[in-house]
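Enquirer: One structure coming up, written as structure tokens, with questions to follow.
The values are calculated or read from the model by the stated rules, or taken from the named source; none is laboratory data. Owing to the predicted nature of the structure, the values given are computational and were not obtained by experimental measurement. So basically every Cβ, Gly included, is an ideal-geometry build from the backbone, and we count neighbours across all protein chains shown. Heads up: the accessible areas ignore ligands, DNA and RNA and are worked out on the full protein's heavy atoms, side chains in. Shrake-Rupley method; radii C 1.70, N 1.55, O 1.52, S 1.80 Å.
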Amino acid sequence: MFSADSVRKGRAAKKRASALTAGLALSALVLSGCAQSNREEGADGGSSEVDGTFVFAASSDPKSLDPAFASDGESFRVSRQIFEGLVGVEPGTADPAPLLAKSWEASEDGMTYTFTLEEGVKFHDGTDFNAEAVCANFDRWYNFTGIQQAESQAYYYGMLFKGFSDTPEEATYKSCEASSDAEAVITLNKPFAGFVAALSLPAFSMQSPSALEEFGANNSSGTAEAPELTEYAKEHPTGTGPYKFDGWDVGNQLTLSLNEDYWGGDDAQVTDIIFRVIDDPQARRQSLESGDIDGYDLVAPADTEALAEAGFNVVQRDPFTILYLGINQQVPELSDPKVRQAIAHAIDKEALVSQTLPEGTKVATQFIPDVVNGYNEDVTTYEYDPEKAKSLLAEAGYPDGFTVQFNYPTGVSRPYMPTPEQVFTNLSAQLAEVGITVTPQSDKWSPDYLDRVQAGSDHGLHLLGWTGDYNDTDNFVGVFFGQEKPEFGFNNPEIFNALEEARQVSTLDEQTPLYEQINEDIAQFVPAIPLAHPAPSLAFSERVESYPASPVNDEVFSEIKLTK
């Protein structure tokens, strides 16, 4: 049984655990004058000593305010302020912790989970959060139909729960029973070891059943490629979190205000949040420097030192990411394992990291960070050895090397890939040293680049990566190599079956060795090359004393500490 007593009680305990919040890299020394010059005046703060309005630059609008139909970072950043799930995240880690469920217990066969709920919690519309609300949310996801099941809509439910009510034989979820107001019993159709950890995703937040019904949350329209937002998803998101939705001026800004009746505590300094949409990274930096915003995410590596020296506070998240060099085995040369091994030996990862990636980035030997279950300390590695790479190419029939397309995105910065152009240039030069000539193929990130490398076969080597959602191996290697995909162009039933088997093992003691072996099998097969675990950075004005940086972005602004 997982008890809340040893961890926390809601966000309040998370605040008490403030020592776990990320330390700010450098204290602010300058710019206090301009920091307030252009900011909008906000409401009075919960503390009279500080300005409670916090302006954060978002790289885009959220995709949807209904988190069940979202999968992007900006939607989830807003969702984490408005909504809460049964399960949260232990501060500063990727590990699950109690939130709306104060404890849970799993049956020995891993098929039934009994959640004991926090009592006295209300949604923003004044209705009760209880076991019936929990079951209403689970049943809503299970009964999605039509375009609601598309990857562009219920991406995470479809990916993790495998099926809906119209395909019950494939579905992981079976039923939910409200045995009392404070106890919900979830029964699965088949074991899912990552079930509890997966519930920490904002996509599985608890939403007010009354608001969902009143504002037509299930009245989906449009197409899978171009779904239209419901009235609920545009104007009425209703959760239990520390902030309520105020308004959304699409393309400009989204505003939230403090939930005065929040069950988890009432000492937040940030009383009003403005998510201001600034899509250009350089413009985000300039807005911080001019005092128009209080902070932004995904600081360019080249900017971190300059901002810190100028007195701004730069915060790094612990890396929970993976950047890899993808290999499309539909390209004849790349289908040979000796060629893939040669490419691995041709790459100097230490040089790549030091020359192109942010401070705090770790070299990768496998596709999961070292804190994830199943990390294999003894996994097969391919040391930087150009002569060995040339020898393997000769054995494969390419003594003079070969030419291959190298795809990379432009105009984008991702947590796992802040500077794709620089990474491409660095790797291209390294490959040339062993006789592999690349044909550059750049595309705009979305939809062009993603469509090219994920949906078709017209690509060769390519850059891509992932930011982990929660602490489970299946959330990394299962996503990449759990089934045949155009991105990698291979069919390896042994790896596919091993991943499906490991996903259903209910105990870590049994599961860990399976994932360790899978990571070794993947290392020997070389379907792609793990390069690095980049550490994303955020930057803040000097008045931000602490920010609850999280490796999985579980960052709630009620925990921000301000000095003025």
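Enquirer: Being modelled with pLDDT of 95 or more and polar (S, T, N, Q) is the filter here, so list the residues in the range 80-98 that pass it.
Expert: Listed by number, the list holds a single entry, Q81.
Enquirer: Anything in the range 172-202 that is outside any strand (DSSP E or B) and open to solvent by 40 Å² or more (accessible area, probe 1.4 Å)? List them, or say none. Reasoning before the result, please.
Expert: Step one: filter the range 172-202 for residues outside any strand (DSSP E or B), giving 172, 181-182, 189-202.
Those that are outside any strand (DSSP E or B) and open to solvent by 40 Å² or more (accessible area, probe 1.4 Å): D181, N189, K190.
Enquirer: Could you say which residue among P486, P513, P551 is surrounded by fewer than 17 Cβ atoms within 10 Å (Cβ to Cβ) and assigned to a loop (DSSP other than H, G, I, E, B)?
Expert: Criteria check complete, one pass: P486.
Enquirer: Okay, moving on. Among the residues of the range 85-105, write down those that are more than 15 Å from A197 (Cβ to Cβ), surrounded by 23 or more Cβ atoms within 10 Å (Cβ to Cβ) and under 16 Å from the mean Cα position of the chain (by Cα).
Expert: P91
Enquirer: Something else now. Restricting attention to the range 342-364, report how many residues are touching a residue at least 60 places away in the same chain (Cβ under 8 Å) and open to solvent by 50 Å² or more (accessible area, probe 1.4 Å).
Expert: Within the range 342-364, residues that are touching a residue at least 60 places away in the same chain (Cβ under 8 Å) and open to solvent by 50 Å² or more (accessible area, probe 1.4 Å) number 4.
Enquirer: Being of a type in the set (A, V, I, L, M), open to solvent by less than 10 Å² (accessible area, probe 1.4 Å) and closer than 30 Å to L508 by Cα narrows it down to one of A70, A57, so name that one.
Expert: The conditions single out A70.
Enquirer: Those residues that are surrounded by fewer than 15 Cβ atoms within 10 Å (Cβ to Cβ) and not in a helix (DSSP H, G or I), I need them from the range 129-144; list them, please.
Expert: Passing the criteria: only N143.
Enquirer: Are any residues in the range 317-341 surrounded by fewer than 21 Cβ atoms within 10 Å (Cβ to Cβ) and within 27 Å of the chain's Cα centre (by Cα), and if so, which ones?
Expert: Once the filter is applied, which keeps residues that are surrounded by fewer than 21 Cβ atoms within 10 Å (Cβ to Cβ) and within 27 Å of the chain's Cα centre (by Cα), the range 317-341 yields only D318.
Enquirer: Considering only the range 443-461, I want to know if a residue exists there that is among the hydrophobic types (A, V, I, L, M, F, W, C), within 27 Å of V372 (Cα to Cα) and free of Cβ contacts under 8 Å to residues at least 60 places away in the same chain.
Expert: The answer is yes, given that some residue of the range 443-461 is among the hydrophobic types (A, V, I, L, M, F, W, C), within 27 Å of V372 (Cα to Cα) and free of Cβ contacts under 8 Å to residues at least 60 places away in the same chain.
Enquirer: Can you tell me which residue within the range 400-445, out of those that are out of contact with any Asp or Glu (no Cβ under 8 Å at 6 or more places or on another chain) and of a type in the set (F, W, Y), is most open to solvent (accessible area, probe 1.4 Å)?
Expert: W445
Enquirer: What's the total number of residues in the range 252-284 that are touching a residue at least 12 places away in the same chain (Cβ under 8 Å), open to solvent by less than 50 Å² (accessible area, probe 1.4 Å) and within 18 Å of E74 (Cα to Cα)?
Expert: 13
Enquirer: In this structure, is A523 part of a helix (DSSP H, G or I) and touching a Pro at 6+ places or on another chain (Cβ under 9 Å)?
Expert: Against the criterion (part of a helix (DSSP H, G or I) and touching a Pro at 6+ places or on another chain (Cβ under 9 Å)), A523 qualifies.
Enquirer: I'd like the residue in the range 240-250 that is out of contact with any strand residue (DSSP E or B) (no Cβ under 6 Å at 6 or more places or on another chain) and outside any strand (DSSP E or B) and, out of all such residues, is surrounded by the fewest Cβ atoms within 10 Å (Cβ to Cβ).
Expert: V250
Enquirer: For the range 145-171, which residues satisfy the criterion of being open to solvent by less than 50 Å² (accessible area, probe 1.4 Å) and under 17 Å from L188 (Cα atoms)?
Expert: Those that are open to solvent by less than 50 Å² (accessible area, probe 1.4 Å) and under 17 Å from L188 (Cα atoms): Y156, Y157, G158, M159, L160, F161, G163, F164, S165, T167, A171.
Enquirer: Condition test on E231, is it at pLDDT 95 or above, open to solvent by 20 Å² or more (accessible area, probe 1.4 Å) and over 20 Å from S59 (Cα atoms)?
Expert: It is true that E231 is at pLDDT 95 or above, open to solvent by 20 Å² or more (accessible area, probe 1.4 Å) and over 20 Å from S59 (Cα atoms).
Enquirer: Kindly provide the set of residues from the range 419-449 that are under 21 Å from I322 (Cα atoms) and of a type in the set (A, V, I, L, M, F, W, C), ordered by number.
Expert: Selection gives V423, F424, L427, L431, W445.
Enquirer: For the range 106-116, check the following and say yes or no: at least one residue is part of a strand (DSSP E or B), under 18 Å from Y262 (Cβ atoms), open to solvent by 30 Å² or more (accessible area, probe 1.4 Å) and not hydrophobic (A, V, I, L, M, F, W, C).
Expert: In the first step, residues of the range 106-116 are kept if they are part of a strand (DSSP E or B); the result is 106, 112-116.
Then drop every residue that is not under 18 Å from Y262 (Cβ atoms), which leaves none.
Looking through the range 106-116, none of the residues is part of a strand (DSSP E or B), under 18 Å from Y262 (Cβ atoms), open to solvent by 30 Å² or more (accessible area, probe 1.4 Å) and not hydrophobic (A, V, I, L, M, F, W, C).
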